Amino acid sequence: MQLFYSSLINETSTSFVFDKEESKHIIKVLRKKDGDILFVTNGLGDLFKTEISLASDSKCTVSILSFEKKEPTKHPLHLVVAPTKMNDRYEWFLEKATEIGIQEITPIICDRSERKVINKERFEKIILTAMKQCNQFYLPKLNDAITFKNFIKQQHQGQLLIAHCEETDKKSLKSVLNTNTKTTILIGPEGDFSEKEIELALDHNFIPVTLGNTRLRTETAAVVACHSVVFFNE
């Protein structure tokens with residue numbers, strides 16, 4: 001199944017017109033024509049089976065044939081990950097985490113962060129493309145970048161974890177995970193969280209965890225954490 005996306009389509013829609021860019025892709029690149037079937041999601045768990053009624057490369061129009069609602073996961077995962085110095089590494093994480101199954105991502109700016117500015121629009125496009133390619137029906141939420149201190153002060157629900165490399169008392173991620181529970185995991189920058197940040201997280205009820213015996217890159221640690229949570233709940 002090839003999946004298309006629009007945030008404007010909903011369960012009350014009877015027809016829909018794609019924007020010019022997507023229309024051109026559907027008609028010119030994919031060579032779709034009148035009568036062809038397209039599957040569309042709005043990223044909110046809704047899947048629409050549609051039929052092309054006007055094969056125009058500027059305003060491809062479809063009629064909605066059927067609609068179904070996909071149930072959301074019972075173990076939502078929120079990864080809070082420091083931006084990497086090289087953008088392509090963070091983009092790789094965004095793509096793979098979306099494929100594996102993540103619900104929310106927050107770029108966090110830490111004491112040792114080498115990159116403090118992100119291109120949110122580009123990151124959102126990468127997440128959207130990955131969602132369509134792997135036939136996911138929920139679009140992961142990408143939050144604005146936030147400082148570590150401001151993030152910690154917010155109210156958080158569910159299981160709160162921080163993965164760091166300091167030689168202190170830590171539990172394995174697998175040993176602390178709970179099924180069917182929202183989980184938030186903090187992943188630090190290349191230089192790891194500072195001692196002050198770790199102490200602040202512990203003061204706000206975050207549990208320190210380890211992701212294994214080897215020292216992982218930021219983006220690798222994030223993907224390992226994502227897969228671990230999803231695999232644990234399967």
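The values are calculated or read from the model by the stated rules, or taken from the named source; none is laboratory data. All of these numbers come straight from a predicted model, not from anything done at the bench. For neighbour counting, all protein chains shown are included, and Cβ atoms are generated from backbone atoms with ideal geometry for every residue, glycine included. Just the protein is used for accessible areas: all its heavy atoms, side chains included, with ligands, DNA and RNA removed. Shrake-Rupley method; radii C 1.70, N 1.55, O 1.52, S 1.80 Å.
Here are a few things to note about the model shown:
- The C-beta contact set for segment 61-74 (first residue within 14 Å of VAL40 (Cβ to Cβ), second residue loosely packed, with under 11 Cβ neighbours inside 10 Å and not basic (Lys, Arg), distance under 9 angstrom, 6+ apart or interchain) comprises SER63/THR14; ILE64/THR14.
- Looking at segment 29-79, the strands (runs of 3 or more DSSP E) lying wholly inside it that each contain 1 or more residues that are under 30 Å from GLN159 (Cβ atoms), open to solvent by 60 Å² or more (accessible area, probe 1.4 Å) and not acidic (Asp, Glu) sit at 61-69.
- Checking LYS74, LYS70 one by one, the residue that is modelled with pLDDT under 95 and farther than 23 Å from ILE162 by Cα is LYS70 and no other.
- Residue check for VAL209: touching a Lys or Arg at 6+ places or on another chain (Cβ under 6 Å) and either closer than 24 Å to ILE118 by Cβ or of a type in the set (Lys, Arg) (or both): no
- Residues in segment 8-28 that are open to solvent by less than 80 Å² (accessible area, probe 1.4 Å), of a type outside the set (D, E, K, R) and within 21 Å of ASP46 (Cα to Cα): ILE9, ASN10, SER13, SER15, PHE16, VAL17, PHE18, SER23, ILE26.
- Residue that is farthest from ILE52 (Cα to Cα), among those in segment 13-28 that are in contact with a strand residue (DSSP E or B) (Cβ under 9 Å, 6 or more places away or on another chain) and not in a helix (DSSP H, G or I): SER13
- Filtered by the rule that a residue be farther than 23 Å from ILE118 by Cβ and modelled with pLDDT under 95, segment 178-194 gives ASN178, THR179, ASN180, THR181.
- Number of residues in segment 80-114 that are open to solvent by 10 Å² or more (accessible area, probe 1.4 Å) and within 14 Å of ASP144 (Cα to Cα): the value is 2.
- Here GLU199 passes the criteria (1) open to solvent by 20 Å² or more (accessible area, probe 1.4 Å); (2) at pLDDT below 95 except the one numbered (2).
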